[in-house]
1. Determine which member of the set GLY49, GLY76, GLY36, GLY128 is within 16 Å of the ligand (Cβ to nearest atom) and in contact with a helix residue (DSSP H, G or I) (Cβ under 9 Å, 6 or more places away or on another chain).
2. Within segment 114-163, can you find the residues that are closer than 19 Å to LYS224 by Cβ, in contact with an Asp or Glu (Cβ under 7 Å, 6 or more places away or on another chain) and not in a loop (DSSP other than H, G, I, E, B)?
3. Please go through segment 291-305 and give me each residue that is part of a helix (DSSP H, G or I), in contact (Cβ under 8 Å) with a residue 40 or more places away in the chain and out of contact with any strand residue (DSSP E or B) (no Cβ under 9 Å at 6 or more places or on another chain), ordered by number.
4. Mind telling me which of the residues PHE508, PHE548, PHE476, PHE498 ends up being among the aromatic types (Phe, Trp, Tyr) and out of contact with any strand residue (DSSP E or B) (no Cβ under 6 Å at 6 or more places or on another chain)?
5. Identify the residue in segment 295-333 that is under 25 Å from MET274 (Cα atoms) and open to solvent by 20 Å² or more (accessible area, probe 1.4 Å) and, among all such residues, is modelled with the lowest pLDDT.
6. Right, PHE460: modelled with pLDDT of 95 or more and under 12 Å from LEU284 (Cα atoms) or not?
7. Please verify whether segment 391-403 includes one or more residues that are charged (D, E, K, R), within 16 Å of the ligand (Cβ to nearest atom) and closer than 20 Å to TYR318 by Cα.
8. Of everything in segment 461-483 that's within 15 Å of the ligand (Cβ to nearest atom), among the polar types (S, T, N, Q) and open to solvent by less than 10 Å² (accessible area, probe 1.4 Å), which residue is farthest from HIS500 (Cα to Cα)?
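The values are calculated or read from the model by the stated rules, or taken from the named source; none is laboratory data. Predicted, not measured: the structure shown is a model, and the values here were computed from it. Reconstructed Cβ throughout: ideal geometry from the backbone, glycine too, with neighbour counts over all protein chains shown. What goes into the accessible areas is simple: the full protein's heavy atoms, side chains included, and nothing from ligands, DNA or RNA. Shrake-Rupley method; radii C 1.70, N 1.55, O 1.52, S 1.80 Å.
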Amino acid sequence: MRVRLLLLLITASYSIQAQVTAFQYSSIKKSTGKNGAVVSAHPLASQAGLLMLKKGGNAFDAAIATQWALAVVYPGAGNIGGGGFMVATLKNQKPIALDYRETAPASASRDMYLDAAGNAVSEKSLYGHLSAGVPGTVAGLFASHQLAKLPMQVLIQPAIDLAEKGFVITEGEARALNSSRDAFEKYNTQIPVLVKTDGWKKGDTLVQTDLANTLKRIKHNGQKGFYEGATAQLIVDEMKRGNGLISLEDLKNYKAKFREAQLCNYRGYSIIGMPMPSSGGLLLTQMLKMTEPYPIGKMGFQTAASVQLMVEVERRAYADRAKYMGDADFYKVPVAELSDGAYLKNRMKDYQPGKAGSSKITVEGTVPGYESEETTHLSVIDNQGNAVSVTTTLNNNYGSKTVVAGAGFLLNDEMDDFSAKPGSPNLFGAVGGKANAIEPGKRMLSSMAPTIVLKNNKPFLVVGTPGGTTIPTSVFQTIVNIIDFKMSTDDAVNQPKFHHQWLPDEVFVEKKFSSQTWQQLQKMGYKITDRGQIGRTEVIQVLTNGRFEAVADHRGDDSAATW
Ligand code: GLY
């Protein structure tokens with residue numbers, strides 16, 4: 001009798017956890033388990049990933065299901081109309097880096113965002129049809145599926161259900177949707193379901209029938225269900241209504257690409273990062289290697305000394321980003337030279353402890369391009385030796401704000417990550433270099449930095465964050481917090497972050513940044529600016545007892561799921 005009762009209880013609790021509970025859920029900020037872990041920007045997406053682990057899938061299955069679900073429950077950045085990057089490690093195999101970044105359409109051209117006077121018009125590269133690059137996410141999910149175990153039809157089903165039957169939205173989502181309402185009305189020819197006439201509030205149900213139908217076409221026809229046939233035609237029809245450039249050929253020709261991961265060693269740990277066309281992995285390599293010769297652990301967490309060192313390191317890496325980085329398929333990026341130990345040591349030769357450096361003398365030339373912060377990251381691990389780190393984006397919050405009518409998904413505005421006019425400031429006071437100029441088929445430079453840290457050749461940390469140009473600095477700080485400052489995962493994620501990106505020559509800090517350190521840095525000559533929240537970091541740490549500790553950032557609805 002007692003055994004039967006126990007079995008009943010176990011079955012009941014399993015079936016509760018084994019469902020994606022669309023109408024009642026909450027964020028779990030920290031969770032540990034021995035079989036697997038998923039952490040993402042939304043509780044329902046993390047649940048979808050966990051469900052696949054429980055069904056016998058691996059970390060790739062979970063990462064794919066989480067991404068499909070994010071495209072429904074987190075429309076601001078989760079997507080099928082955008083792109084992303086995946087870094088993964090498999091037991092006893094070479095690390096994997098998968099690039100599913102958007103591409104410039106074939107008819108794109110270098111000066112397409114310039115007006116008659118030759119000035120960059122950023123409204124065109126940031127909003128509406130013309131700002132969209134050819135989406136890469138669906139191709140990326142299918143490319144990564146060769147490493148998964150479960151059929152795609154199973155992985156996509158939670159997303160279909162969430163779109164078709166709806167789910168309740170959080171307060172944050174309601175606020176974000178309401179604040180984009182004017183833009184949705186302005187940049188769409190048919191008003192999307194993301195607009196609610198009397199405004200969204202927490203607990204309202206969002207049903208996305210057109211999106212569900214698009215996901216079903218993908219379920220039944222595979223990748224072609226997006227890049228060809230009815231969905232492709234709906235995208236092209238939408239382009240025609242708004243003077244966009246994406247053609248049927250662009251869609252058919254899109255390919256996700258496996259690339260060599262960007263590798264570096266830091267204090268005995270192996271860091272696996274994303275290579276070009278994301279600057280994320282190379283920036284991380286540069287920042288960690290410039291930090292390594294200094295006893296930063298002894299300086300202490302966010303003392304003026306350690307922050308100054310990290311700021312100077314960040315300044316130098318971002319100066320290099322501006323000058324040298326872009327899509328390496330189109331522009332020769334000197335990756336080996338930029339990661340070289342002697343080069344990086346030399347880069348720090350004018351660093352003076354206690355005295356602010358200057359971006360005027362660090363390097364002459366170009367500066368970084370503007371990037372929006374609305375990206376999203378998920379980290380996954382399983383008990384079969386796989387770890388997966390994925391960052392995806394639509395660029396701005398809700399991308400271009402244009403929904404493909406009849407297909408129900410938002411298009412990205414990733415074209416703004418190119419340098420619209422090399423060498424000249426855009427609306428945001430930033431410019432970019434030749435390396436990142438627009439060319440047909442080229443991928444715009446990114447800062448996304450999905451990362452895995454190995455200890456003794458086994459996964460130790462799976463880490464990443466959204467945040468535009470703040471992504472690499474946030475990942476850098478999270479790693480240093482754990483390795484050098486010996487912080488708990490929780491603190492490493494949730495303690496305040498800071499950011500310097502060469503230009504503008506300012507240190508940006510979060511609200512809770514130590515006022516004492518702030519004052520000391522000001523005395524050294526730094527300009528400090530409070531800039532609200534930086535990133536939403538998701539970390540899984542493998543503890544010494546082998547259990548997985550998943551921590552979701554407190555800065556949003558982010559949520560961890562383990563078992
Ligand atoms: N759109 C942000 C990034 O790719 O870095």
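1. Step by step, each of GLY49, GLY76, GLY36, GLY128 is checked, and only GLY76 is within 16 Å of the ligand (Cβ to nearest atom) and in contact with a helix residue (DSSP H, G or I) (Cβ under 9 Å, 6 or more places away or on another chain).
2. Answer for segment 114-163, where residues must be closer than 19 Å to LYS224 by Cβ, in contact with an Asp or Glu (Cβ under 7 Å, 6 or more places away or on another chain) and not in a loop (DSSP other than H, G, I, E, B): VAL134, LEU155.
3. Quick first cut of segment 291-305, residues part of a helix (DSSP H, G or I) only: 291, 296-299, 304-305.
Filter again for in contact (Cβ under 8 Å) with a residue 40 or more places away in the chain, leaving 291, 296-297, 304-305.
Hits for segment 291-305 are ILE296, GLY297, ALA304, ALA305.
4. Values: PHE508 fails: out of contact with any strand residue (DSSP E or B) (no Cβ under 6 Å at 6 or more places or on another chain); PHE548 fails: out of contact with any strand residue (DSSP E or B) (no Cβ under 6 Å at 6 or more places or on another chain); PHE498 fails: out of contact with any strand residue (DSSP E or B) (no Cβ under 6 Å at 6 or more places or on another chain).
Exactly one of PHE508, PHE548, PHE476, PHE498 is among the aromatic types (Phe, Trp, Tyr) and out of contact with any strand residue (DSSP E or B) (no Cβ under 6 Å at 6 or more places or on another chain), namely PHE476.
5. Taking the candidates together, the pick is LYS323.
6. Details: modelled with pLDDT of 95 or more: yes; under 12 Å from LEU284 (Cα atoms): no.
It is false that PHE460 is modelled with pLDDT of 95 or more and under 12 Å from LEU284 (Cα atoms).
7. Going through segment 391-403, the residues charged (D, E, K, R) turn out to be 401.
Those left that are additionally within 16 Å of the ligand (Cβ to nearest atom): 401.
This time we only want the ones that are closer than 20 Å to TYR318 by Cα, so: none.
Among the residues of segment 391-403, not one is charged (D, E, K, R), within 16 Å of the ligand (Cβ to nearest atom) and closer than 20 Å to TYR318 by Cα, which makes the answer no.
8. Within segment 461-483, the match that is farthest from HIS500 (Cα to Cα) is THR465.
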